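Student: My questions will all concern the structure given below.
Read the figures in this text as sums done on the coordinates, not as results from a lab. Being a predicted model, the structure only gives us computed values, none of them experimental. All Cβ positions, glycine included, derive from the backbone under ideal geometry; neighbour counts span all protein chains shown.
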Amino acid sequence: MTRRTKIVATVGPASESPEMLEELIRAGVDVFRLNLSHGSVEGHLERVTAIRMAADRVGRAVGVLADLPGPKVRCAAFPEGGVVLKAGDVVELAPGSASSDASRIEIEYPTLLSDVRAEDQVILGDGAISLRILQAAPEVRAVVETGGRMQGRPGAHLHSERLRLETPTDEDLVLARAMADAEVDFLAVSFVRGAADLRRVREVVDGWTGGLVAKIETSPAVEALEEIADEADAVMVARGDLGIELPLEDVPHLQKKIIRHCVERGVPVITATQMLESMITSPAPTRAEVSDVANAVFDGTDAVMLSGETAIGADPVRVIKTMARIAERAESESSYRRWADRLGRAQRDLMDVVDDQERVTFAITHAAQQAAVDIGASAILCCTRSGNSARAMARFRPEARLVGLSPNLGTVRSMTLSWGVEPLQVDTYRSIDDLVWFAVERSVGSGVVKHGDLVVVLAGEPKRGTGGATDVLRVVRVS
């Protein structure tokens, strides 16, 4: 069985060597993530080059996702060795950047006094310590609800609806341009609150052909999900900050809602944060982590993402192999046929909100899904310049193998994030007959299909330099 759910792995000190990158690709990585919150631009550019070279050596298409830092509010530095905040302690919060201690915490946010309210929750670090505001004027006082040790300059998470920090930041826009010039395949935009945030990044990277990934990690983003998904090229369920921003018990339900909406619209969706976190130090995941990964697959996610597990973990290759086994096993139990049937019934409502070109592509991919089931096709071959038809086809989670063939290397790499799509590069052809013939031949040569198989081929009339709607469906007996 071929795994259909894609794996995104974060590159860091444990995984950045050329040898390790190659091992990780062989183990099953589909997309590498660069966390731009850490390291220099020059260092990340070197990683892009190393990833491209490793992918060429292995002979696989691999995507690169650059994750922009977004706005970050931090506490002023705690004393060396840190301090312990105990549950029930009352501390003062004040704007500033001089220093923090166990009784007074300075936060590098100038309008703190006017932007917090009584009963607001303030989270310090990565969710380890929580405070509740007791009074907001004339000074801010808070009670420690969950205690722990604070050291260094931890982040401070304030209520996002009143946060006066702009997304994307000026630093994000500079980094976005640098990464676009390096031809990364995806840019992830942090703390998105609406479609306008994505449009600001698009303006800065004008001419770049990669895709924008909207990270859903704030309550405004959840409320604006439809407009964000319409503007984004992919979406990430960033459960870390989402679980700080909203009640923890809401996160599993939001995950399902976000994934369902994105899959219906043909927008690739990534499930992220703490998926196999114990494997940073342990050779095996917890049973709860295994269930978490499997449930994301059952939800229909396109990709699952690893962060510290591969960036700083003890054995990144073992992590990837473990993730791949869990995903493949979950896929064997997933009800994809029922998913496709439900999506087919919902297609009529979707047709009212898409343009004519998308309407044709959505309709013909629906027909291709049904044809593949009826004839028992071994594969569905999507000939595409933009990747749109392959992404639209992936909505149905077909049982047949799904191949995306494109003459554009950027498009080939963009399909590495989409569920089930096996991306292949082909030449440019001038007629539908040649397009279909060579798509089948390339798939045979890659071992995707074999002689005697029935395959469904989707294509559009070749037009030099344009995408166009997918409007041709053929059934071919491979011979």
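Student: Just round it to a whole percent: the fraction of Cα-Cα distances in the chain exceeding 45 Å.
Tutor: Values: 16191 of 114481 pairs.
Summing the P(r) of the chain above 45 Å gives 14 percent of all pairs.
Student: Just for the range 1-126, what percent of DSSP beta bridges are antiparallel, to the closest 5?
Tutor: Of those bridges, close to 10 percent are antiparallel.
Student: What list do you get for F78, F32 if you sort them by fewest beta carbons within 10 Å?
Tutor: Ordered by Cβ neighbours within 10 Å, fewest first: F78, F32.
Student: I would also like to ask the following. Need one number: % antiparallel among DSSP beta bridges in the range 82-147, to the nearest 5.
Tutor: Working: 13 of 17 bridges.
Antiparallel bridges make up about 75 percent of those DSSP assigns within the range 82-147.
Student: Where does the chain land at 222 nm, in deg cm²/dmol rounded to the nearest 500, when only DSSP H runs of n ≥ 4 count, each adding -39500 (n - 2.57), divided by all residues?
Tutor: So the calculated ellipticity at 222 nm is -11500 deg cm²/dmol.
Student: Separate question: Return the inverse of the average 1/r over all pairs of distinct C-alpha atoms in the range 210-355, which is the Kirkwood hydrodynamic radius, in Å to one decimal.
Tutor: Averaging 1/r across every pair of different Cα atoms and inverting gives 16.2 Å.
Student: Something else: Counting Lys and Arg as +1 and Asp and Glu as -1, each charge on the Cβ, what is the dipole of the chain about the Cα centre in debye, to the nearest 20?
Tutor: 1360 debye
Student: Helix 251-265 against the longest principal axis of the chain: what's the angle in degrees, Cα atoms only, rounded to the nearest 10?
Tutor: The angle comes out at about 30 degrees.
Student: Then there's this: Using Cβ counts within 10 Å as a stand-in for footprinting exposure, how do H366, H253 rank, fewest first?
Tutor: Neighbour counts put them in this order, fewest first: H253, H366.
Student: In what order do M279, M20 fall by count of nearby beta-carbon atoms within 10 Å, going from fewest to most?
Tutor: Numbers: M279 24, M20 17.
Ranked by crowding around the Cβ, least crowded first: M20, M279.
Student: Taking the Cα centre of each part, how many Å lie between the range 129-194 and the range 206-239?
Tutor: A separation of 17 Å, based on Cα centres.
Student: Test of understanding: what is the full-extension gain from R52 to A314, defined as 0.36 nm times their sequence separation minus their Cα-Cα distance?
Tutor: Gain in length upon complete extension: 91.9 nm.
Student: Still on this structure: Under a cut-off of 28 Å between alpha-carbon atoms, report the lysines in cross-link reach of K6, not counting same-chain residues fewer than 8 places apart.
Tutor: The reachable lysines, counting only those whose Cα sits under 28 Å from K6, are K215, K256, K257, K321, K450.
Student: Indicate, rounded to the nearest 5 percent, the antiparallel portion of the DSSP beta bridges found entirely in the chain. Write down the numbers at each step before the final one.
Tutor: Details: 26 of 73 bridges.
Bridges in the chain are about 35 percent antiparallel.
Student: Kindly provide log₁₀ I(q)/I(0) values, in the same order as q = 0.12 Å⁻¹, from the Debye equation applied to equal alpha-carbon scatterers of the range 336-477.
Tutor: -0.42
Student: For the pair D206 and D170, how long in nm is the line joining their label points, each one 7 Å along Cα→Cβ?
Tutor: My value for the distance between the label points is 2.1 nm.
Student: Further question on the same structure: Just to check, using Stokes-Einstein with a Kirkwood Rh over alpha carbon pairs, what's the diffusion coefficient of the range 83-162 at 37 °C and 0.692 mPa s in µm²/s?
Tutor: Roughly 266 µm²/s, to the nearest whole number.
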